[in-house]
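Peer 1: One structure, pasted below without further comment.
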Amino acid sequence: MKIIKLLATWQFWVSLILAVAIFFGLMQGTFLWLNAYTNHGVQVEVPNIKNLNLDQAVIKLDEVSLEYEIDTSKYDPKYKPYEILDIYPLIGSNVKKGRRIFIRANAKTWKPVAVPNIIGKYKYLAFSQLNLVGLKVSDTIYEPSLAVNTVIKLLYKGKEIQPGVTLPRFSQLTVVLAKGLAKNVSVPSFIGMDEEGAKRVITENLFSVGSIIYDDPEDKTNTRVYYQVPAAASVYDQGQPIDLYLSSRPIEELRIKIQNLDATFNRNYVEQPIDSLSIPDEPDFTTQEHPAAPPSSPSGSSGSQPNSSSTNNKFPKPTENHTKPNSVNKEESRRPNRVIVE
């Protein structure tokens, strides 16, 4: 009953008419706004910008109120820099104002490329990776290193570069390769260096750090190298160990220890051929290496052969050092005598 009474009132019908009018008014306004916003029925022709450079093409697109997006990521040497290569939509197409036009233009030059990480890689694999990214190998240099034919470093215009830097495409690089460890290399002197400095020089010269012997194992502060094996200036192969003797005492207080080490490593030994032996000027020569013969003969008679006894004292029997001239002592004879510089 209440609904029937409501429909019979004039207020209901007035409200209904107003609601319908407002709805249709909103719909009409929305369509009008869409037509204006989308430029409905208004079209422009895509201009011909094929033979223009990039700056001229942009000006012509602005004249007809067209947006544009330009791609210059690739370079083709057959075309001029910034020459128009492609356009979408096609030239002559009718599009609305404000439509975005996609343009592909030739780049100005080759795009820079990143240097790949080829440090430590075998040379043929490294060369292939450089060629793939557009870099060229102009020269190769060999330096001593353990891994043969692996890349040690890269040079660009004479300066070392790190992987990841960007260079112009087709840049010329110099590749430094490892040629293995050298033989018969002169050993540098480490005397007077501290432990860390000596180890660093050993590594830089491609030797390995051998034993570290301290004069006082309880005192390892402010120590310096006072002895090394092998000796300085001796011939040695790279990669071999070098032993260091360190002490915090002045070198003047270590003379006895240095002399004992020289005797241990035969630093003062110089080989002489057997034919060059002669009667020494001083009779003490034989007493240092061989004890003198007893004054009495084995038969018990004393002084029966004085000349023979005297001769035996002056000419000792050949020792192992003389009978084997090619033994270890010959190798030691190549080592120079140690010189102590005060």
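Peer 1: When residues of the range 195-235 are filtered for being free of Cβ contacts under 8 Å to residues at least 60 places away in the same chain, within 18 Å of Leu181 (Cβ to Cβ) and either aliphatic (A, V, I, L, M) or open to solvent by less than 30 Å² (accessible area, probe 1.4 Å) (or both), how many remain?
Peer 2: Final tally of qualifying residues: 5.
Peer 1: If you go through the range 184-193, how many residues are touching a residue at least 40 places away in the same chain (Cβ under 8 Å), assigned to a loop (DSSP other than H, G, I, E, B) and surrounded by 13 or more Cβ atoms within 10 Å (Cβ to Cβ)?
Peer 2: The total comes to 5.
Peer 1: Those residues that are modelled with pLDDT of 90 or more, among the aliphatic types (A, V, I, L, M) and open to solvent by 50 Å² or more (accessible area, probe 1.4 Å), I need them from the range 142-168; list them, please.
Peer 2: Ile152, Val165 - these are the residues of the range 142-168 that are modelled with pLDDT of 90 or more, among the aliphatic types (A, V, I, L, M) and open to solvent by 50 Å² or more (accessible area, probe 1.4 Å).
For (1) of a type in the set (Ser, Thr, Tyr); (2) over 24 Å from Pro168 (Cα atoms); (3) free of Cβ contacts under 8 Å to residues at least 24 places away in the same chain, each residue gets a yes or a no:
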position	(1), (2), (3)
Ser93	yes, yes, no
Phe102	no, yes, no
Val113	no, no, no
Phe127	no, no, no
Leu132	no, no, yes
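Peer 1: When you go through Leu132, Leu181 one by one, which is the residue that is hydrophobic (A, V, I, L, M, F, W, C), open to solvent by 50 Å² or more (accessible area, probe 1.4 Å) and closer than 30 Å to Lys80 by Cβ? Before the answer, list the steps.
Peer 2: Numbers: Leu181 fails: closer than 30 Å to Lys80 by Cβ.
Only one candidate passes the filter, namely Leu132.
Peer 1: List every residue pair whose Cβ atoms sit under 9 Å apart, with the two residues 6 or more apart in sequence or on different chains, where the first one lies in the range 10-30 and is without any contact (Cβ under 8 Å) to a residue 24 or more places away in the chain and the second, anywhere, is hydrophobic (A, V, I, L, M, F, W, C) and open to solvent by 70 Å² or more (accessible area, probe 1.4 Å).
Peer 2: Within 9 Å, the pairs are Phe12/Leu6; Trp13/Leu7.
Peer 1: Pull out all pairs, ordered by first then second residue, where Cβ-Cβ is under 9 Å, the residues are six or more apart or on different chains, the first lies in the range 244-260 and is within 15 Å of Ala231 (Cα to Cα), and the second is of a type in the set (A, V, I, L, M, F, W, C) and assigned to a helix (DSSP H, G or I).
Peer 2: Leu244/Ala198; Leu244/Ile202; Tyr245/Leu254; Tyr245/Ile258; Tyr245/Leu261; Leu246/Ala198; Ile258/Ile251
Peer 1: Residue check, Ile118 against (1) surrounded by 13 or more Cβ atoms within 10 Å (Cβ to Cβ); (2) in a strand (DSSP E or B); (3) not small (Gly, Ala, Ser), all met but one. Which one?
Peer 2: Only one criterion in (1) surrounded by 13 or more Cβ atoms within 10 Å (Cβ to Cβ); (2) in a strand (DSSP E or B); (3) not small (Gly, Ala, Ser) is unmet by Ile118, namely (2).
Peer 1: Identify all residues within the range 96-115 that are hydrophobic (A, V, I, L, M, F, W, C), surrounded by 15 or more Cβ atoms within 10 Å (Cβ to Cβ) and in contact with a strand residue (DSSP E or B) (Cβ under 7 Å, 6 or more places away or on another chain); write none if there are none.
Peer 2: Within the range 96-115, Ile101, Ile103, Ala105, Val113, Val115 qualify.
The values are calculated or read from the model by the stated rules, or taken from the named source; none is laboratory data. This is a predicted model, so every value here is computed, not measured. Glycine gets a Cβ as well: all are built from the backbone with ideal geometry, and neighbour counts include every protein chain shown. Protein only, heavy atoms only, side chains kept; ligands, DNA and RNA dropped before computing areas. Shrake-Rupley method; radii C 1.70, N 1.55, O 1.52, S 1.80 Å.
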